[in-house]
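Student: Structure incoming, see below.
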Amino acid sequence: MALHKGSCHCGKVAYEVETNLDQVIECNCSICSRKGYLLTFVPRGALTLIRGEEDLSTYTFNTHTIQHRFCTTCGSATFGEGKQPTGEAMAAINVRCLETVDLAEIKPIPFNGRDARR
């Protein structure tokens, strides 16, 4: 596990997350494909919001299972919050918003979210 710093584009929202980035998911569902998400999932307690709670807005759709959080100023989709199938609180971190992560070193795992609910 490593501590990573993340933020939105304008810097109003900043956070730290403890994760190892062993599993980075590239989902093809409607929101992930349009926004270009690369996601890693962590227990909600592994995510610490440093600043910007008041600058976040929330978008939900379909089953309203995940609250997609984004900066109201720059629109960056930083992370989402929801529950694991077991009921535990989790966070879905947009790896593209993490500082000092070399995306060329990450091999995303494809996930067929487009057909997951059918």
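Please treat every number below as a calculation from the coordinates, not as lab data. On a predicted model such as this, the values are computed, not experimentally measured, just so you know. Counting neighbours? That spans all protein chains shown, and the Cβs are built from the backbone with ideal geometry, glycine included.
Student: Just one of the numbered conditions (1) assigned to a loop (DSSP other than H, G, I, E, B); (2) of a type in the set (F, W, Y); (3) touching a residue at least 40 places away in the same chain (Cβ under 8 Å) is not true of F61; which one?
Tutor: F61 satisfies every listed condition except (3).
Student: While we're here: Out of everything in the stretch 30-72 that is touching an Asp or Glu at 6+ places or on another chain (Cβ under 6 Å) and of a type in the set (S, T, N, Q), what residue ends up being nearest to N112 (Cα to Cα)?
Tutor: Q67
Student: Filter the stretch 15-50 down to the residues that are touching a strand residue (DSSP E or B) at 6+ places or on another chain (Cβ under 9 Å), assigned to a helix (DSSP H, G or I) and not aliphatic (A, V, I, L, M), then identify the one that is surrounded by the fewest Cβ atoms within 10 Å (Cβ to Cβ).
Tutor: Only one residue tops the list, namely G45.
Student: Return the total of residues in the stretch 60-109 being surrounded by fewer than 10 Cβ atoms within 10 Å (Cβ to Cβ) and over 20 Å from V42 (Cβ atoms).
Tutor: 3
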